[in-house]
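To keep things clear, I will list the structure first and then write my remarks on it.
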Amino acid sequence: MAHVPVLLERALEYLAIRPDGIYVDATFGGGGHAAAILSRLTSGRLIAIDADPRAAEIATTIRDRRFSFISANFRALPAVLDGCAIAAIDGALFDLGVSSMQLDDPGRGFALSKDAPLDMRMNPAAGGSAYDILTTANEAELADIFFRYGEERASRRIARAIIARRAGGELPATTTEFAAFIAGVVRRPGRRERIHPATRVFQALRIAANDELDALREGLEGAILRLRAAGRIVAISFHSLEDRIVKQTFRNDARLEVVTRRPIRPDQAEIAANRRARSAKMRAAERKAS
């Protein structure tokens, strides 16, 4: 499945792009949002950030003097801007979660339906993998990861089963094997599940492996710090943990004024065309004049 940017037109609308402005695409991914932002700039500039090596490859296809790509996690946004000699920006876009590009790559370990090593790192060269977490964390740590990052009610039972399987030297090392193992632990006979029983555990491991929630808090703070007066931040989230951080940050930061009274959701036409858009929520905030 090709990468399809979610809520593209609404994101551009709420960014309120100035043709001569300086913008940050904090999650370049497949480049869909970046290309659309560039199309609305004249003398402006776009700085794109992404930790994924595949995103860096895609970025090389954009030959535009107004465009710069930096391989980095968006938590380093201020340092990235310093490296580009940019003191202030007019807007930043955060398109959170996992992209189609990552989900559809069978070797990355993001999708529970595609057999691959349990990796799940946005940058495969940085930090420990999901499997590393499974082989080193203790039972309490695993249960905490599954509950906090996956909102998994059976977190303790799953953690206990993983430790028991690990002690026997039979811990599954691939996505499909691990997904089947988790399903065997939590599935209730005769009950039809709305999602795969391992979905929340996979989400939790991915978030933990990439330290996504702390990175999001730091990335938003970095963007707010560099926003000019009337500059905007737009964030598209795909699960409640991300959305909660965005919502609380926008509401509680005295430097910001929220411009979306309620989260913006995809309409039925977009969901029909791109099923992965169904859980998206977009929020926007504007930097107040000091």
Residue-averaged [θ]222 nm for the chain, counting only DSSP H segments that reach four residues, each worth -39500 (n - 2.57): -12500 deg cm²/dmol
For Lys247, the lysines lying under 18 Å Cα to Cα, once residues fewer than eight places off in the same chain are dropped, come out as Lys281, Lys288
From the mean inverse distance of alpha carbon pairs (Kirkwood) and the Cα radius of gyration, derive Rg over Rh for the chain. 0.99
To the nearest 10 degrees, how steep is helix 155-167 against the longest Cα principal axis of the chain, on a 0 to 90 scale? 60
Write down the percent of antiparallel bridges among all DSSP beta bridges whose residues are both part of the chain, to the nearest 5. 40
Compute, for segment 106-210, the length of the dipole vector about the Cα centre, with Cβ point charges of +1 (Lys, Arg) and -1 (Asp, Glu) only. Units Debye, rounded to 20. 500
Where in the chain lies the longest segment free of GluC sites (Glu not before Pro) that are both loop residues by DSSP (not H, G, I, E, B) and have at most 15 other Cβ atoms within 10 Å? 1-150
Trypsin sites (Lys or Arg not before Pro), loop per DSSP, at most 12 other Cβ atoms within 10 Å - longest free stretch of the chain: 66-152
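Read the figures in this text as sums done on the coordinates, not as results from a lab. Every value quoted in this text rests on a predicted model; they were computed, and no experiment measured them. Neighbour counts are summed over all protein chains in view; Cβ atoms, including those assigned to glycine, are modelled from backbone coordinates with ideal geometry.
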